[in-house]
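What follows is a single structure, written as structure tokens, with notes after it.
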Amino acid sequence: MPPVYECISPARMVRACASILHQVILILCLAALFIPTLDGPNSRRTANEAVTVGNLRRITTLQNDYAASHPTKGFACQLPLLKPSAPSRDAFDSDAFWLSGERVGYRIAFAGCEPEPNSVVTRYRITAVPLEPRKSGVRAFCTDETGALWFDASGSVENCLASRRTIE
């Protein structure tokens, strides 16, 4: 006996397609409402600032290690001299950072690093400013040989170094 096929009426087909279309539209609307709140409008900036603070703390540690192993030189005045010899486990850490001073939307640079008359560097200042203010970050950060970390909410390096508002 040949198979029996049931014919679906065009009206029933249209209703089924319309129902599926309404469900897809509902899912897309819910996604559009909730996905942005999961990420937040400022989360990238906040993450960039957090990574930059971590980088400055790491540089402080590396500066102390460098000065301890180079007592006749003192602190380093160039980022490439601080490049760790052991490879980092951080997937985002690259050798380019130690050469360019740029990472996660911030430029990190020495603002003051002069040797004493005996040629030993005993003081340094390092600053971090957003490459794209208000987009990659808002605040400027700075530190010195004391290891204290400061910030300026307006993104000014000069204000950061002058006001020394401590990060808590």
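Read the figures in this text as sums done on the coordinates, not as results from a lab. Here the structure is a predicted model, which is why all the values come from computation and not from measurement. Note that each Cβ is placed from the backbone with ideal geometry, even for glycine, and that neighbours are counted across all protein chains shown.
Before moving on, here are some points about what is shown:
- Calculated FRET value between S119 and A50, using beta carbons and R₀ = 41 Å, to 0.05: 0.65
- Computed over segment 51-168, the P(r) curve from all C-alpha pair distances, binned at 5 Å from the origin, holds 2, 12, 22, 24, 19, 13, 6, 2, 0 percent per bin.
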